[in-house]
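Following: one structure in structure tokens, then a few remarks.
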Amino acid sequence: MLTNQLIRSGTSVGANIREAFCAHGTADFIAKLQIALKECAESEYWLELLIESGYYDDSSVLEHCVEMKKLLIASVNTARKNNV
């Protein structure tokens, strides 16, 4: 079911961000944020499917997901830059 997939990937974003706060060094921090980013991209996909199929009609949730993805990309890039 699409909603189950969305719940799984969506909750994983927050869990991995939380894990990043307790990372064992910068490499681990970046790795956790990258996992969160992948899960966010997956959540975006499931939201697109739900909206396009007509099961969900509030596109603002998708917009928030896209913004979260942008924040994660920026955070990963900043952490990489500062790790050089």
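The values are calculated or read from the model by the stated rules, or taken from the named source; none is laboratory data. None of these values were measured; they are calculated from a predicted model. Counting neighbours? That spans all protein chains shown, and the Cβs are built from the backbone with ideal geometry, glycine included.
Assorted remarks:
- Flag if I30 is assigned to a helix (DSSP H, G or I), over 12 Å from the mean Cα position of the chain (by Cα), in contact (Cβ under 8 Å) with a residue 12 or more places away in the chain and surrounded by 13 or more Cβ atoms within 10 Å (Cβ to Cβ): yes
- Matching option when the condition is of a type in the set (A, V, I, L, M) and either outside any helix (DSSP H, G or I) or more than 19 Å from A20 (Cα to Cα) (or both), among L62, L71: L62
- Enumeration of residues in the stretch 45-59 that are out of contact with any Ser or Thr (no Cβ under 9 Å at 6 or more places or on another chain) and in a helix (DSSP H, G or I): E48, L49, E52
- Criterion applied to T11, T3 was being more than 23 Å from T78 (Cα to Cα), among the β-branched types (V, I, T) and modelled with pLDDT of 95 or more, and the one residue passing it is T11.
- Scope the stretch 33-84; condition surrounded by fewer than 13 Cβ atoms within 10 Å (Cβ to Cβ), free of Cβ contacts under 8 Å to residues at least 24 places away in the same chain, within 16 Å of L2 (Cβ to Cβ) and not small (G, A, S); matching residues: E52, D57, D58
- Any hit, the stretch 13-24, residues being assigned to a helix (DSSP H, G or I), of a type in the set (D, E, K, R) and over 15 Å from the mean Cα position of the chain (by Cα): no
- The set of residues from the stretch 10-28 being more than 15 Å from E42 (Cβ to Cβ) and of a type in the set (S, T, N, Q) comprises just one member, T26.
- Which numbered condition G25 fails, given (1) touching a Leu at 6+ places or on another chain (Cβ under 6 Å); (2) loosely packed, with under 11 Cβ neighbours inside 10 Å: (1)
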